[in-house]
1. Of everything in region 121-169 that's outside any helix (DSSP H, G or I) and farther than 21 Å from GLU109 by Cβ, which residue is modelled with the lowest pLDDT?
2. Which pairs have Cβ atoms under 6 Å, sit 6 or more apart or on different chains, and link a residue in region 210-226 that is assigned to a helix (DSSP H, G or I) to one that is of a type in the set (D, E, K, R)?
3. Just for region 170-192: of the residues that are part of a loop (DSSP other than H, G, I, E, B) and surrounded by 15 or more Cβ atoms within 10 Å (Cβ to Cβ), which one is modelled with the highest pLDDT?
4. Among the numbered criteria (1) open to solvent by less than 60 Å² (accessible area, probe 1.4 Å); (2) closer than 21 Å to CYS161 by Cβ, which single criterion is violated by LEU195?
5. Being over 25 Å from ARG73 (Cβ atoms) and open to solvent by less than 10 Å² (accessible area, probe 1.4 Å) is the filter here; which residues of region 222-245 pass it?
Amino acid sequence: MAIHLKDRLRDIRDFLRAHRHEKQRAPSESRGFTDIEKLLGRAVSMVDDTLTLAETASRTVLPGGQQPELVIRPLVDYFGTDPMEGERAFRRHMYRAAKALAATLEDREPPAIRETTFTGAHETLRQRQGHMLLALKNAKTPEAIRPLLAGLLAHLLQEICRTALSDPAMPAAAQNAETCIIVFAPGLLASGLALFDESLSASDLLDIATLAVAARRERMARSLEADQPIADLTAIFESLLTHLP
């Protein structure tokens with residue numbers, strides 16, 4: 001419930017920011033505003049400012065809010081013995097990575113980035129692919145680890161993109177498979193790479209993953225719509241895990 005509430009409040013904040021009169025219209029156009037429009041515009045600004053202040057304050061008051069820096073763990077760490085802690089970490093880390101990547105988009109509308117999306121993907125993978133998770137934990141060699149890890153990354157990416165692309169609240173311009181790949185795939189790939197080299201920082205892992213995904217985003221987007229999306233995505237991820245960093 002708390003995660004859903006956070007997502008809804010973010011939706012309200014984004015909606016209000018998009019409809020603030022002072023950002024929408026030039027000063028010359030504001031002369032035609034009626035008194036009620038001006039009053040509503042000021043009310044929107046006040047609510048926007050209040051939500052922004054609350055968000056800023058929460059970073060210093062709520063547990064974990066003091067450390068908004070980028071963190072990425074090896075994928076298996078998110079599916080350990082404590083599923084609640086693993087879900088919480090996965091949700092927060094992938095959300096921050098996706099937000100950071102969405103901020104770099106210049107000519108694209110970002111997809112819906114919600115914490116509940118990552119929570120749902122984590123739960124779905126744990127429930128439906130538990131045998132793969134167990135096999136990955138028991139695998140010892142890179143040759144045994146890579147295909148299993150690639151398959152798990154493929155399942156996660158498909159579930160995350162499916163949720164984002166089907167969000168009814170997002171405009172059509174934001175429902176683009178290639179944009180979803182750009183925003184969501186690098187964080188997942190970075191988590192996979194961290195399993196092989198924990199010496200690299202989270203930002204370095206994300207940079208490497210971002211460049212690799214950017215070169216394959218069209219192919220990965222086509223794979224999402226293919227007859228066998230998991231098989232296609234698994235092959236791409238396995239190739240990346242083999243040749244990176």
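The values are calculated or read from the model by the stated rules, or taken from the named source; none is laboratory data. Everything numeric in this text was worked out from a predicted model, so none of it was measured. Note that we place each Cβ from the backbone using ideal geometry, even for glycine, and neighbour counts take in every protein chain shown. Accessible surface areas use protein heavy atoms only, side chains included; no ligands, DNA or RNA. Shrake-Rupley method; radii C 1.70, N 1.55, O 1.52, S 1.80 Å.
1. Filtering first and then ranking leaves LYS140.
2. ARG217/GLU178; ALA221/GLU178; SER223/ASP232
3. ASN176
4. All conditions are met except number (2).
5. Of everything in region 222-245, just one residue is over 25 Å from ARG73 (Cβ atoms) and open to solvent by less than 10 Å² (accessible area, probe 1.4 Å), namely SER223.
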